[in-house]
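Visitor: Quick one: the structure is below, questions incoming.
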Amino acid sequence: AAASKRRERHRLRSHSMDYVILFLVLFLVGFGLVMIYSTSSYKAGLYYNDAGYWLKRQAFFAAVGTVVMLFVGSVDYHLWNSRDFLLYLYYIVTIGMLGFTLVFARVSHGSRRWISFGRISFQPSEAAKVALILILAIYISDHIRAMETWKGIFLAFVLVIPIIGLVGIENFSTSIIL
């Protein structure tokens with residue numbers, strides 16, 4: 001009975017949220033919003049007659065991001081690794097988005113980086129950062145023994161070269177981050 005209580009406490013604790021990290025993330029988002037307002041209020045007032053135009057816009061996306069973060073944080077992380085097809089899905093979708101960007105994205109400041117859906121713009125290279133983390137996490141956890149050899153590490157690197165290369169065509173600084 002005591003052992004089952006310990007297992008239950010461990011199960012509940014392993015799925016609980018780290019409130020220190022949550023506080024730090026929310027603090028940094030709030031600090032970033034203050035910085036956006038302090039640096040953009042004058043121009044927003046001139047261009048849009050609303051000093052808080054860019055603040056409101058960024059606050060909306062911060063709220064959406066917070067909801068997504070809380071949803072993803074509430075899902076057991078084993079789910080993301082329990083499906084073998086997710087590696088291929090993330091990989092194909094990421095390469096597809098980046099390839100679509102090179103062909104169909106609008107040119108802004110001499111580069112093709114943004115895909116626009118009406119009034120909403122999206123930069124696939126930012127999604128590639130998250131996808132790359134997920135792709136490598138799934139691949140490495142499925143090939144843990146291979147990661148003990150240089151060949152295994154090299155194969156993991158080869159897996160990410162197409163993504164980094166597609167990003168690097170138009171956005172070298174982001175490819176360095178990747």
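Visitor: Identify, please: which residue in segment 34-49 is touching a helix residue (DSSP H, G or I) at 6+ places or on another chain (Cβ under 6 Å) and open to solvent by less than 80 Å² (accessible area, probe 1.4 Å) and is, among those, farthest from Gly73 (Cα to Cα)?
Guide: Per the stated criteria, the residue is Ala44.
Visitor: Looking at this structure, is Ala128 in a helix (DSSP H, G or I) and either at pLDDT below 85 or farther than 15 Å from Gly165 by Cβ (or both)?
Guide: When the stated conditions are applied, Ala128 does not pass them.
Visitor: Before we move on, is Ser108 closer than 24 Å to Ala131 by Cβ and in contact with a His (Cβ under 9 Å, 6 or more places away or on another chain)?
Guide: No; evaluated as a whole, the condition is false for this residue.
Visitor: Moving on. Could you tell me which residue of segment 114-138 is nearest to the chain's Cα centre (by Cα), considering only residues that are farther than 30 Å from Gly152 by Cβ and either hydroxyl-bearing (Ser, Thr, Tyr) or open to solvent by less than 60 Å² (accessible area, probe 1.4 Å) (or both)?
Guide: Residue satisfying both the conditions and the ranking: Gln123.
Visitor: Let me ask something else about it. Which of the residues spanning segment 139-170 are open to solvent by less than 60 Å² (accessible area, probe 1.4 Å), closer than 30 Å to Ser108 by Cα and not small (Gly, Ala, Ser)?
Guide: Leu159, Val160, Pro162, Ile163, Ile164, Leu166, Val167, Glu170
Visitor: Name the pairs: first residue in segment 53-74 and open to solvent by less than 80 Å² (accessible area, probe 1.4 Å), second residue in a helix (DSSP H, G or I) and among the charged types (D, E, K, R), Cβ to Cβ under 7 Å, at least 6 apart or on different chains?
Guide: So the pair list comes out empty.
The values are calculated or read from the model by the stated rules, or taken from the named source; none is laboratory data. Being a predicted model, the structure only gives us computed values, none of them experimental. Counting neighbours? That spans all protein chains shown, and the Cβs are built from the backbone with ideal geometry, glycine included. For accessibility, only protein heavy atoms count, side chains too; no ligands or nucleic acids. Shrake-Rupley method; radii C 1.70, N 1.55, O 1.52, S 1.80 Å.
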